[in-house]
Structures are given as C-alpha cells and as structure tokens.
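The next block holds one structure in the form of structure tokens; read it before the comments.
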Amino acid sequence: MNKVNFLNIELEYNEKVFRPTLLSEKCALNTNFKNKNILDLGCGIGPLAIYFAKNGATSVDAIDIYDEHLKFAKKNSDLNNASINVFESNLFENVSKKYDLICCDVSGVKEEVARLTGWFPEEVPKADDSGANLILNVIANSKEFLKENGELVICTTSFSDEKSIFTAFEQFFPDSYQKIYSEKVPFSKRLNQNIDILDRGSFCKKDGINYWKFSIFSLSNT
Ligand SMILES: C[S@@+](CC[C@H](N)C(=O)[O-])C[C@H]1O[C@@H](n2cnc3c(N)ncnc32)[C@H](O)[C@@H]1O
C-alpha cells in the first residue's frame, strides 16, 4: 500500500484518490481549530480531519461525495487512532448539525486544469469549467450549518473564477471575510507544457517563471 506523510500523519492512498497537497498543509497550519466542533467538507483521504482531531479539535465530522475517499478517510483515521465521524454527503445534503468551524477544501480548480495537472485522478469528482461552482454553493448555503460567530474557512485557486467567489463573499458574508493565507506556486512541467490552454489571468510570470496562486479565506457568521 502507498503511504504519504502529512504533517507527521501517515496516510494510505491508491492511484484513484486525491493526495494531500501544499494547499492542504497550509490550510491545516493556518486554521484556528482548537476546541472547536468541525466539519471537514471535501475530506479526501482524511488529512485535515485527522490533523484537527489529533491536535485539539473537540469533534470532527468529515464528508465527501466519493466513496473511495470515504473508505480511505475511515481507514486512515483508524490507522492514526483519530476520532472522526466520516460520512457521505454531496456538499451539505446529509449534514444536519451546526458547527463552530466548516473547513472547505472542496474541488476548486477548473476541470481541464484538474485533469492536465494530474492533481485529480480520473475518478475524483471535479469542479465545472469555472472551477467555482462547488465553492459558490458552499458560500451560499453554509450559514445554515454554522453556529453564531462560527467560521467558514474556504480555499480558492487562481484556476477558478475568483471574481464570482469574491462577489459571493460580499453577498453572503458582507464585511466579514478576510484572507488568512496566500502563496504563489511555480508551474510544474505539465503546467508549462499546457500553458497555451490556460487563461492568461490564472497565472503570473516573474523572472521567467510562471506561477499560479492559492488562497485561504476566513468568513465569519457574525
Ligand atoms: C481538492 S480535493 C481536497 C481533499 C482534501 N481536503 C485534501 O486536502 O487532501 C477536493 C475534495 O472535494 C471532494 N468533492 C468534490 N465534489 C464534492 C461534493 N459535491 N460534495 C462533497 N465533496 C466533494 C472530492 O472528492 C475531493 O475529496
């Protein structure tokens, strides 16, 4: 079985699943999760949920739409003696509680970029051509599942329609959102090879190197 180390947590995976990325790691390290009841939305093979559970969260529910991810999230939580409650849900469809923190790293990359980078194996559920449809749905519906003063942490990339995401921040969380982390990442060989099909606005160039960007936002249910 293949294993990957995520912030000192060993996770099993196979070729059909999404493997935790730099974004997963920065999300874990920049989220204020201690003593909170958490929903990990789009949990993949479990990195964030397990990290939160092992480092001071009060409780962690972890949901995903893809059965292979649910299987590995459960297996990895057992292997790491982490107490998390894993269940299937298409976004909030099967969620009935309110949380202190919803951590959302749901697929937020345009479908064609998800494929060409190799980040999303064929079977892994992807966003649409805008890269923003899942994120927009979460922003529009999350208040129902947040306690008063609860927080939605949401991850975006320059490979999604960030303009529509910012408009939704303003519509559903007016004046109560802030960027908590952002990082420029140099293009992989595969991205450079496919640069002709990328939107010019989705990357920047500095000193001859192309970079894409990811950001993490905190939205407060005040
Ligand atoms: C970018 S991956 C992140 C996975 C994990 N959070 C990590 O850091 O490794 C996005 C996740 O969203 C899940 N996903 C996609 N569409 C979904 C939906 N409609 N409802 C729930 N989860 C979904 C995918 O299966 C995948 O696990």
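Read-outs throughout are calculated quantities, based only on the coordinates presented, and are distinct from any laboratory measurement. Owing to the predicted nature of the structure, the values given are computational and were not obtained by experimental measurement. Neighbour counts run over all protein chains shown; Cβ positions are idealised from the backbone, glycine included.
Overview of results
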quantity	calculated
Hz values of 3J(HN,Hα) by residue in the stretch 52-65 - Karplus curve (6.51, -1.76, 1.60), Gly and Pro given as x	4, 4, 7, 10, x, 5, 6, 8, 9, 9, 10, 10, 7, 8
GNM flexibility winner over the chain from S107, S202, S77 (Cα, springs under 10 Å)	S202
Signed unit charges on C-beta, dipole axis of the stretch 83-222, positive-most listed residue Y211, T167, F120	Y211
Karplus (6.51, -1.76, 1.60) ³J(HN,Hα), θ = phi - 60°, over the stretch 122-130, in Hz, Gly and Pro reported as x	2, 7, 6, x, 10, 6, 7, 5, 8
Cα centre as origin, Lys/Arg/Asp/Glu Cβ charges: the chain dipole, Debye	640
Protection-proxy order for peptides 191-198, 47-54, each taking the mean of Cβ atoms within 10 Å per residue, highest first	47-54, 191-198
Net charge over other residues, Cβ less than 11 angstrom from the Cβ of S24 (K, R count +1; D, E count -1)	-1
Volume per residue that the Cα convex hull of the chain spans, once the total is divided by residue count, Å³	116
